[in-house]
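Remarks on the structure that follows.
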Amino acid sequence: MIYVRLNEDNFEYDIYSLVKAFYPKEEVRIGTEAAPEDEGLLFCMNVNYEDHKLTLDGREIEIDYSNRPDTKNRLKLAIYESLSARTGKTLPWGTLTGIRPTKISLGMIENGASDEQVAAYMKETYLTSQEKIDLSLQVSHMEHKLLSKIDYDNGYSVYIGIPFCPSTCLYCSFTSYPIGLWTKKLDDYLAALEKEMAFTAEACKGKSLTTIYIGGGTPTSLDEEHMEKLLSLVDKYFDTESLLEYTIEAGRPDSITYEKLQVMKNHPVTRISINPQTMNQKTLDLIGRFHKVEDIHKVFGWARELGFDNINMDMILGLPGETIDDVKYTLDEIKKLAPDNLTVHSLALKHSARLNIDREAYDDYLIDNSQSHMDICLEAAKDMGMEPYYLYRQKNMAANLENIGYATAGKEGLYNILIMEEKQTIMALGCGTACKFVTDHGATVTRCENVKDVQLYMDRIDEMIDRKRERLREDLKWL
Ligand code: SF4
């Protein structure tokens with residue numbers, strides 16, 4: 001265990017995230033009490049906030065506490081230097097522990113900064129590596145180009161959550177329940193969603209709807225009849241004809257049928273995801289995705305046959321037991337299918353995931369991710385004619401890397417950029433979802449969450465709508 005002792009509570013979360021980035025497997029505790037010596041203490045750091053300075057293990061750093069962002073940066077730099085000296089490690093993103101590194105570079109580019117100025121700022125302020133600075137710049141320029149073509153400021157997007165899946169993946173930390181337990185209540189769930197759709201359409205009257213994204217869970221866990229009902233409700237309440245993008249995260253191949261794809265094709269869906277995560281059968285079996293590799297090929301073939309011309313595939317690096325050769329195999333198989341988007345995730349070990357809860361059972365499995373893994377994905381994406389167009393990070397990611405979305409020209413997922421860069425208000429509907437209310441071009445972002453329990457969501461739908469109404473009035477002045 002690593003203990004960080006503070007003389008007062010301040011910046012605890014930032015300190016925790018940075019220490020954890022250096023010591024991903026170690027327990028990290030922060031507190032104002034003396035270090036608990038008898039609990040396997042690896043070492044203790046002492047941070048004292050004092051007048052005009054802070055001290056870290058006796059080292060003094062001058063601080064202007066009236067500038068909170070600068071205070072945070074200086075504190076993180078001092079901790080980074082100390083931990084880097086102790087471990088001999090550097091982190092690819094430096095002191096950046098937030099999930100949106102490109103918000104910094106995109107913001108600077110939008111304000112007229114040159115690439116050299118962005119690079120110098122990221123290097124000096126956050127100690128970001130040249131490789132990650134180059135990636136941030138490339139992605140930000142792509143985002144800037146795509147965003148400049150749309151009037152996102154006067155619009156909004158809709159996210160609809162379907163919190164059901166065929167089974168629960170080993171690494172899952174999303175709001176997801178086995179569909180088998182909820183089949184008799186799907187009409188009730190759609191009835192609650194309809195209430196939210198009616199409210200959203202009314203509340204956002206006069207604003208243009210930019211994109212719709214149906215995610216989850218796995219939306220294609222719904223049977224054909226409920227899928228048809230859901231998409232008809234979307235058509236009824238929203239102007240789907242003028243949308244710039246309408247995505248359904250079909251997701252798990254074991255939930256997709258030819259008929260469900262036909263249902264989607266009969267509605268104005270423009271983009272779908274068919275997510276293998278890996279093309280290695282041994283890994284699919286281990287992570288609880290109960291389908292065959294051949295199913296991925298079959299379902300993808302159906303989607304192309306039906307005319308879907310914008311298909312994303314997700315894959316994960318760092319899955320238990322996978323070597324770099326397994327990753328190469330997955331990429332070779334994906335290349336055979338030639339999707340339009342490839343989203344590469346670095347495994348993030350979340351608290352509530354079975355992989356974390358039962359971690360001793362997986363101790364013997366290699367969990368490997370590195371820049372070399374990222375590099376072969378980049379090469380494969382290039383081979384498929386794709387460029388990186390968005391990126392984000394998560395807590396506790398394997399090797400402290402990132403998730404990158406690649407796309408062929410014109411097939412980039414706009415919703416992904418809008419939500420990650422916090423450019424537009426997202427009205428989120430469904431159990432476990434969260435609205436993001438964006439004002440002042442992203443300078444202020446507030447959230448309004450729906451409950452994560454399906455039954456509670458249905459029981460308390462009116463209350464959640466009332467809360468949204470109030471927040472729309474207060475935060476956005478829309479009503
Ligand atoms: S498909 Fe996604 S949401 Fe569903 S169980 Fe797997 S990781 Fe969770």
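A few comments on the model shown:
- Taking 0.36 nm per residue of separation and subtracting the Cα-Cα distance, full extension of the segment from Gln281 to Arg5 would add 94.7 nm.
- DSSP beta bridges in the range 1-89 [antiparallel fraction, %, rounded to 5]: 45
- Sparse-neighbour loop sites [trypsin sites (Lys or Arg not before Pro); the range 249-302; at most 14 other C-beta within 10 Å; DSSP]: Lys292
- Judged by the gyration tensor of its Cα atoms, with axes a ≥ b ≥ c, the chain is prolate; a/c meets the 1.5 cut and a/b is the larger of a/b and b/c.
- Largest to smallest in accessible area, the residues Ser129, Ser157 fall in the order Ser129, Ser157 (1.4 Å probe, all protein chains included).
- Virtual spin-label span in nm between Thr87 and Arg100, 7 Å along Cα→Cβ: 2.6
- Within the range 328-343, backbone nitrogen closer than 19 Å to the virtual label 7 Å beyond the Cα of Lys145 toward Cβ: 340-343
- Whether the range 370-425 is rounded, prolate or oblate, judged on the alpha carbon gyration tensor where a/c under 1.5 counts as rounded: oblate
- Cβ-Cβ FRET estimate between Asp223 and Asp309, R0 fixed at 30 Å, reported to 0.05: 0.70
- Estimated 222 nm signal from helices in the chain, with DSSP H stretches of n ≥ 4 weighted -39500 (n - 2.57), rounded to 500: -12000 deg cm²/dmol
- Computed magnitude of the charge dipole of the chain (debye, nearest 20; Cβ of K, R +1, Cβ of D, E -1): 540
- Counting only DSSP beta bridges whose two residues both lie in the range 149-465, roughly 35 percent are antiparallel.
- Each of Gly413, Leu355, Asn48 was placed along the dipole of the chain (beta-carbon charges, centred on the mean Cα), and the one lying farthest toward the positive end is Gly413.
- Within the range 157-178: backbone nitrogen closer than 14 Å to the His267 label point (7 Å, Cα to C-beta): 158-163
- Amide H to amide H, with H built 1.01 Å from N, Ala348 comes under 5 Å of Ala398, counting only residues 5 or more places away or on other chains.
- Phi angles across the range 437-446 convert, under the Karplus curve 6.51 cos²θ - 1.76 cosθ + 1.60 with θ = phi - 60°, into 3J(HN,Hα) values of 9, 10, 10, 6, 6, x, 5, 10, 9, 10 Hz, Gly and Pro given as x.
- Selection of trypsin sites (Lys or Arg not before Pro), the range 384-436, meeting DSSP coil and at most 11 other Cβ within 10 Å: none
- Anisotropy class of the range 50-119 from Cα gyration tensor, a/c 1.5 cut: oblate
- For Tyr121, the accessible surface of its heavy atoms amounts to roughly 80 Å² (probe 1.4 Å, protein chains only, rounded to the nearest 10).
- Span from the the range 86-117 Cα centroid across to the the range 412-479 one, whole angstrom: 27
- Here the range 302-346 and the range 360-408 have alpha carbon centers that stand 12 Å from each other.
- Among Ala192, His345, Asn400 the positive-end extreme of the charge dipole of the chain (Cβ point charges): Ala192
- Length available on full extension from Gln455 to Asp38: 0.36 nm per residue minus the Cα-Cα distance, which gives 145.7 nm.
- Placing a label point 7 Å from the Cα of Glu474 along the Cα-to-Cβ direction, the residues of the range 452-467 whose backbone N falls under 16 Å from that point are 463-467.
The values are calculated or read from the model by the stated rules, or taken from the named source; none is laboratory data. Here the structure is a predicted model, which means the values were calculated and not measured. Counting neighbours? That spans all protein chains shown, and the Cβs are built from the backbone with ideal geometry, glycine included. For accessibility, only protein heavy atoms count, side chains too; no ligands or nucleic acids. Shrake-Rupley method; radii C 1.70, N 1.55, O 1.52, S 1.80 Å.
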